[in-house]
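Next up is a structure, given as structure tokens.
No value in this document is a laboratory result; all are computed from the given coordinates. No experiment lies behind these values; they were computed from the predicted model shown. Using ideal geometry, Cβ is built from the backbone for each residue, glycine included, and neighbour counts are taken over all protein chains shown.
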Amino acid sequence: MDSRFVGIADLVETPSVAVVVDVMRACTVAAWAFAQGAERIVLAESLDEALALKARHPDWAALKDGPLAPGFDMVNSPGLLRSIDLAGRTVVQKTTAGTVGALAVKGASLVLCAGFVVAEATARLLRTHECDSVTFVVTGEDGQADEDLACAQYIARRATGAGTDASEFLGRAAASRAATELATGVRQGVHPDDVALCLELDRFPFAMVATSEGPQMVLRPCAATSPTDAASI
């Protein structure tokens, strides 16, 4: 499998297969939302779009980066999200990196969103599809975020079926700037457990597939052995 690792701004053409990686924290939060029962996640282009969707669908739950703001129900924190019951609900997510990265490759034939918490399921799905070439979108820090690059490189190795020690990759993520900022309170809307939760390898047994549904890009959990069917969580 030929793997490319690029930042969002470096996407000069739409790849055939894309894995969008945002470890801290959009993709980890998305996985937790599904674990808490969410049916689907709508990826919003902007905060205004997220609020407009929420206004049209009051039963939906909207989340964003940073502190909680009027019109939003949650913030982009796995530690805070894990106590919320989202059974059967649609979540609208808008973040500064993860959702932007997914929307940037919406024309790809297969779009996966990933973090360490769904790494093996993501790699297994890539193996199932027998992908010749995969573009990993490193969303943080203009493509330089080491937690995202480490996760992408780990998934790429696992997708080839190679036995790979995860400790090196998790160590890089733990020492990243994002981890430091989350741990020291530089970022807002943070729970003390966020970094640890983002580094829980293979916490969940599903991959996450984003597809266009009408005008929206929608993320759903997917069993790695059945690319078209949503997993039972």
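Mean residue ellipticity at 222 nm from the helices of the chain, using -39,500 (n - 2.57) per DSSP H segment of n ≥ 4 over the full residue count, to the nearest 500 deg cm²/dmol? Intermediate values should be presented prior to the final figure.
Numbers: 9 runs with 76 residues, N = 233.
After summing the helix terms and dividing by the residues of the chain, the value is -9000 deg cm²/dmol.
A further question follows. For Thr139, which sequence-distant residues (separation of 5 or more, or a different chain) have an amide H within less than 5 Å of its own amide H, given hydrogens modelled in the peptide plane?
So Thr139 has HN proximity to Val21.
Continuing with this model, one more query. Over all alpha-carbon pairs of the chain, lay out the pair-distance distribution in 10 Å bins, whole %, shortest bin first.
9, 37, 39, 14, 1
May I ask you to sort Asp10, Asp132 by Cβ crowding, counting other Cβ atoms within 10 Å and putting the fewest first? Each step should come with its number before you reach the end.
Working: Asp10 13, Asp132 9.
In increasing order of surrounding Cβ atoms, one gets Asp132, Asp10.
What is the magnitude of the charge dipole of the chain about its Cα centre, with +1 placed on the Cβ of each Lys and Arg, -1 on the Cβ of each Asp and Glu, and no other charges, expressed in debye to the nearest 20?
Numbers: 19 positive and 29 negative charges, 73 e Å.
Using only the charged Cβ atoms, the result is roughly 360 debye.
Calculate the FRET efficiency for Arg82 and Ala52 from the Cβ-Cβ distance with a Förster distance of 35 Å, rounded to the nearest 0.05. Walk me through the numbers on the way to the answer.
Values: r = 28 Å, r/R0 = 0.79.
About 0.80, to the nearest 0.05.
Something else: Just to be sure I understand the model, the point goes 7 Å from the Cα along the line to the Cβ. What's the resulting Ser109 to Leu201 distance in nm?
For the pair Ser109/Leu201, the computed spacing is 3.2 nm.
Ok, one more. By how many nm would the segment from Val186 to Arg127 grow when fully extended, if each residue of separation counts as 0.36 nm and the alpha-carbon distance is taken off? Could you put the intermediate results ahead of the total?
Values: separation 59, 0.36 × 59 = 21.24 nm, distance 3.83 nm.
Computed gain between Val186 and Arg127 is 17.4 nm.
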